[in-house]
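What follows is one structure encoded as structure tokens, with my remarks underneath.
Rule-based calculations on the coordinates, nothing more; no lab input. All figures in this text were calculated on a predicted structure; none of them were measured in a lab. For neighbour counting, all protein chains shown are included, and Cβ atoms are generated from backbone atoms with ideal geometry for every residue, glycine included.
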Amino acid sequence: MSQAQTLTAVQSNPFAKGCAWQDGDYVPIAEAKISVLDWGFTKSDVTYDVVHVWDGAFFRLDDHLDRFLRSVDALRMTLPVDRAGLAAILHGCVARSGLRESYVAMVCTRGLAKPGLPRHPANCENRLIAYAIPWVWVMDEEMQARGAHLVISSVPRIAPESVDPTVKNYHWGDMIRAQFEATDRGADNAVLLGPDGTVAEGPGFNIFALIDGKMVCPDHGALEGVTRQSVLDLCAEIGVPTEVRPLHPDELLEADEVLTCTTAGGVMPVSRVNERIYHNDRPGPVSAKLRELYWKKHKEGWHATPVDYGDN
Ligand code: PLP
């Protein structure tokens, strides 16, 4: 959209740049606020999930709701609405924005300490915030077409014994450092190893490596990505065997192909890791096929829940 078109859209719909839900109201995204005293801000005591809307439909909405509700339980938080209420809020945010392609987040923060009670996380008022904003690519389309250049970061991912990576979280200190290191080393992005030296994940994506004809992804130290599940499903569909097991960085460097995957990007092939160049510096055939199939199946309505745009 051009700047002029964006301006016209925002003038006719205050939610065109995004819509948030907080404290029972829908507000334009620029008006959504969080207190500086919220433990989500002061202590990263927060969990979240992100589902995408493509061509007017949520993708794998139930899987994202399942994971978010599991994460909220794991952190001993409480939501002000049930699952159906949460889904209705997400539909409400997208519907008001009018977006057909959107990045849709649900966030639960620990909230503010209740006055007069001991300073303990159990004594905070948890807070739900949801929002829909225009589509975001973790790696842009040009990068996906040539294959991303990654480096194995010298910064290890935070220990899973300290912060459970299967509970989607904002503990990104390690990943932010890794992203700066990647830029300093002339790469697009980074892959982090866990404290045990095996491959964990990258800033906002999971990793797969094609080894001896099998698509392998780490079995621990990473978020159990919804897109990772899609890749496993697509591999089954095209007859590529898969393995979910510890993945050593040497195997990554010796693999025939490497790909990354995430909600905000889908299947994103890799053409370099460190000095290793795969497949003539372009996406390998299996990664390219998985990427194409992922989007083709979106068009066909795979795991799609149409957004209820109603009268908004
Ligand atoms: N790993 C991390 C740390 C992430 O933040 C994300 C997504 O944001 C992923 C992996 C990919 O997960 P999903 O496919 O569910 O988006």
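Placing unit charges on each Cβ (+1 for Lys and Arg, -1 for Asp and Glu) gives the chain a dipole about its Cα centre, and among Thr227, Ala122, Gly204 the Cα reaching farthest toward its positive end belongs to Ala122. Neighbour counting of Cβ atoms within 10 Å sorts the residues Phe41, Phe58, fewest neighbours leading, into Phe41, Phe58.
Backbone phi angles across the range 282-292, fed through the Karplus curve with coefficients 6.51, -1.76 and 1.60 (θ = phi - 60°), yield HN-Hα couplings of 9, x, x, x, 5, 4, 5, 5, 5, 4, 4 Hz in residue order; Gly and Pro are listed as x. Here the range 141-299 is assigned +1 on the Cβ of each Lys and Arg and -1 on the Cβ of each Asp and Glu. Its dipole about the Cα centre then comes out at about 540 debye.
Taking the charge dipole of the chain about its Cα centre, with +1 at Lys and Arg Cβ atoms and -1 at Asp and Glu Cβ atoms, the residue from Ala88, Leu150, Asn189 reaching farthest to the positive side is Ala88. The angle between the Cα long axis of helix 173-184 and the main principal axis of the chain comes to about 50°, on a 0 to 90 degree scale. Here the range 3-135 is assigned +1 on the Cβ of each Lys and Arg and -1 on the Cβ of each Asp and Glu. Its dipole about the Cα centre then comes out at about 300 debye.
Neighbours of Arg127 by Cβ distance under 12 Å: Lys/Arg scored +1, Asp/Glu scored -1, total -2. Computed on the range 258-300, with alpha-carbon pairs under 8 angstrom and 6+ residues apart, the relative contact order is 33 percent.
For Gly111, the residues whose modelled amide H falls within less than 5 Å of its own, excluding neighbours fewer than 5 places apart on the same chain, are Trp39, Gly40, Arg127.
So what J values fall out for the range 116-129 if you push phi through Karplus, 6.51 cos²θ - 1.76 cosθ + 1.60 with θ = phi - 60°, rounded to Hz, Gly and Pro as x? Using θ = phi - 60°, the values come out as x, 10, x, 6, 8, x, 5, 9, 10, 8, 5, 9, 9, 10 Hz.
Near the amide H of Ile152, within less than 5 Å, lie the amide hydrogens of Val191, Asn274, all on another chain or at least 5 residues away, with H placed in the peptide plane.
From least to most packed, judged by other beta carbons within 10 angstrom and beginning with the fewest, Thr260, Thr78 follow the order Thr78, Thr260. For a straight C-alpha distance cut-off of 29 angstrom, the lysines reachable from Lys299 (same-chain residues fewer than eight places away being disregarded) are Lys17, Lys168, Lys214, Lys289.
In the chain, a dipole from Cβ-located charges (positive for Lys and Arg, negative for Asp and Glu) runs towards its positive end, and of Gly18, Ser162, Ile277 it is Gly18 whose Cα lies farthest in that direction. Each Lys and Arg adds +1 at its Cβ and each Asp and Glu adds -1 at its Cβ; summed about the Cα centre, the chain shows a dipole of about 640 debye.
Per-residue 3J(HN,Hα) values for the range 93-103, derived from phi via the Karplus relation 6.51 cos²θ - 1.76 cosθ + 1.60 with θ = phi - 60°, read 5, 5, 4, 5, 6, x, 6, 9, 10, 8, 9 Hz in sequence order (x marks Gly and Pro).
Normalised by the number of residues in the chain, the mean separation of alpha-carbon contacts (under 8 Å, six or more apart) gives a relative contact order of 19 percent.
The order of Ser162, Ser287, Ser102, Ser71, going from fewest to most other C-beta atoms within 10 Å of their C-beta, is Ser162, Ser71, Ser102, Ser287. Each peptide in 27-34, 174-181, 118-125 gets a packing score, the mean of other Cβ atoms within 10 Å over its residues, and the list from highest to lowest is 174-181, 27-34, 118-125. Principal semi-axes of the equivalent ellipsoid, √(5λ) from the alpha carbon gyration tensor of the range 3-135, are 28, 18, 11 Å from largest down. Over the range 141-299, Cα pairs under 8 Å with separation of 6+ residues give a relative contact order of 25 percent.
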